[in-house]
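We did not get these values from a lab; they are worked out from the coordinates using the rules stated. Because the structure is a prediction, the values reported are computed rather than measured. Don't worry about glycine lacking a Cβ; one is built from the backbone with ideal geometry, like all the others, and counts go over all protein chains shown.
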Amino acid sequence: MKGLVILGSTGSIGRQTLDIVRAFPDRFRVMGLAAGSNLELLAKQVQEFSPKAVYYAKGTANEDAIPRNGWRFTPMEEMVQDPMADVVMVGTVGRAGLHPTLAAINARKSVALANKEVIVMAGNVVMAQAQRNGVEILPVDSEPSAMWQCMRGEDREVLRILLTASGGPFRDRPLHTLDSVTQEEALNHPTWRMGRKITIDSATLMNKGMEVIEANWLFGVPISRIEVVVHPQSIIHSMVEFADGSVKAQMGPPDMRFPIQFALSYPQRWVNQELPKFKPVEIGKLTFEAMDMRRYPCFRLAIEAGQKGGTYPAVLAGADEAAVGMFLSQQISFGEIPKIVESTLSAHKSVQYPSLEDVLDADAWAREYAARQMAD
Ligand SMILES: NC(=O)c1ccc[n+]([C@@H]2O[C@H](COP(=O)([O-])OP(=O)(O)OC[C@H]3O[C@@H](n4cnc5c(N)ncnc54)[C@H](OP(=O)(O)O)[C@@H]3O)[C@@H](O)[C@H]2O)c1
């Protein structure tokens, strides 16, 4: 039985992680659940899984709704260190997962990482700490998981990674109308159902740029050898080309429970009858297109920040989280997201080999700078 801590248990990744736990009740014991403010759902999860440790954003209404069945309020950094915990699923969003991820690595837990912003912001710090502690980061994001699965059993002589992108909801929308897309349109992803922040990042393709940075850190493949190809069906989750020119693709229905389960069952594979079957005849054909860079300025900004390195990726992540938050609270238009991120990056003075403190400073500065632009 694996002891499991789930950070962000009320979110899309967290809920699907609990679906996997429900499918394998004899394999997991939920030791800790952490959420933000959805205490109604957290209460149900606490009732069902009886964790020892629970965290939520203090001051949220309805704290009393969580059944008092023996749990203790425990900060995330402490929760991940539980001696009975083997795996920590980091399903928080944005900066929230950074400190708990580092605490889990220091405590030598297996870290199943969905919260990609953590590695985008602080890739050098996270990877160095993981290496020092002999901890493997298990990718949960479907594309890095696909790359990881393609590379298993290979000698890692990777020529090229072909990272697939659905292209988001605005792949065919006339360019001149992109500035004025509504929140409802941006939140309507064609193939994946996800949390709000990543759904907006998927519409701007910031998410894809962040995945390039994530893959660069996780697999040590230079950004210049990671190519993004638009694949609207989201069936091939990524491909890896090896030294001899052979290409492996990992594919399956677009359902996050597959990569979540693989991260949790690793190095085994388990039978799960609840997951959808791959039906190639029903899918018919798989298509590929080049990416139209004019359509996705956020993607370009992410690639540039990843290539420059230093604290640029932390600024990218911080400014993006701030700008997406402003869009979601209807303070700025969709077209202003890349403008705010770009001007924040332009004003930044990067630290080349950042410490954790440098990363946190850069992130805080970026959020403040981004917010000030809206006020101006
Ligand atoms: N969803 C996907 O299919 C998918 C795929 C690949 C990668 N990812 C990555 O996985 C991460 C999570 O995505 P998601 O779609 O699951 O997001 P989500 O649905 O918005 O869930 C985020 C979770 O984090 C919690 N949270 C937010 N702020 C917190 C804080 N300060 N302290 C503790 N918990 C906090 C939320 O709690 P409340 O809801 O209770 O406030 C919620 O449980 C993101 O980094 C995303 O890029 C997601």
Open item on the list: Taking 35 Å as R0, compute the FRET efficiency from the Cβ-Cβ separation of Met374 and Asp172 and round it to 0.05.
Closed with: 0.75
- [ ] Note the full-extension length gain between Arg108 and Arg225 as 0.36 nm times their separation in residues minus their Cα-Cα distance, in nm to one decimal.
- [x] 39.0 nm
Open item on the list: About the Cα centre, and with charges only on the beta carbon of Lys, Arg (+1) and Asp, Glu (-1), how big is the dipole of the chain? Nearest 20 debye, please.
Closed with: 680 debye
Open item on the list: Can you give me the Rg/Rh ratio for the chain, using Cα atoms for both radii and the Kirkwood formula for Rh?
Closed with: 0.95
Task: Simple Cβ-charge dipole of region 2-139, Lys/Arg +1 and Asp/Glu -1, about Cα centre, in debye nearest 20 - done: 180 debye
Task: Efficiency of FRET from Cβ geometry, Asp64 and Leu286, R₀ 56 Å, rounded to 0.05 - done: 0.65
Task: Packing-based exposure ordering (other Cβ within 10 Å, fewest first) of Arg27, Arg152, Arg367 - done: Arg152, Arg27, Arg367
- [ ] Averaging sequence separations of C-alpha pairs under 8 Å and six or more residues apart, then dividing by the length of the chain, give the relative contact order as a whole percent.
- [x] 16 percent
Task: Partner lysines for Lys44 [C-alpha distance under 20 Å; skip if fewer than 8 residues away on the same chain] - done: Lys52, Lys58
Open item on the list: Could you work out the relative contact order of region 2-139? I mean the mean sequence separation of Cα pairs under 8 Å and 6+ apart, divided by the number of residues, in percent.
Closed with: 23 percent
Task: Diffusion coefficient, µm² s⁻¹, Stokes-Einstein with Kirkwood Rh over alpha-carbon pairs of region 168-219 at 25 °C and 0.890 mPa s - done: 208 µm²/s
TODO: Could you calculate the FRET efficiency of Leu356 with Ser37 from 1/(1 + (r/R0)^6), where r is the beta carbon distance between them and R0 is 22 Å, rounded to 0.05?
DONE: 0.25
Task: Relative contact order computed over region 189-335 (Cα-Cα under 8 Å; 6+ residues apart), in percent - done: 30 percent
Open item on the list: Only bridges whose two residues both fall in the chain count here: according to DSSP, what percent of them are antiparallel, nearest 5?
Closed with: 25 percent
Task: Eligible aspartates and glutamates near Lys116 by straight Cα distance, threshold 14 Å, same-chain separation 8 or greater - done: Asp141, Glu143, Asp201, Glu211, Glu214, Asp320, Glu321
TODO: Kindly provide the helix-only [θ] at 222 nm of the chain, computed as the sum of -39,500 (n - 2.57) over DSSP H runs of four or more divided by all residues, to the nearest 500 deg cm²/dmol?
DONE: -13000 deg cm²/dmol
TODO: Could you list which residues have their amide H under 5 Å from that of His237, counting only those 5 or more apart in sequence or on another chain, with H placed in the peptide plane?
DONE: Gln250, Met251, Gly252
- [ ] Could you state the orientation-averaged shadow area of the convex hull built on the Cα atoms of region 2-139, in nm² to one decimal?
- [x] 7.5 nm²
Open item on the list: Cut-off is 10 Å between beta-carbons; in what order do Arg68, Arg156 appear when sorted fewest neighbours first?
Closed with: Arg68, Arg156
Task: Cα Rg over Rh - region 262-376, Kirkwood - done: 1.16
Open item on the list: Under the rule a/c < 1.5 gives rounded, and otherwise a/b versus b/c splits prolate from oblate, where does region 60-134 land using the Cα gyration tensor?
Closed with: oblate
- [ ] For region 159-269, state the average projected area of the convex hull of the C-alpha atoms over all orientations, rounded to one decimal in nm².
- [x] 8.2 nm²
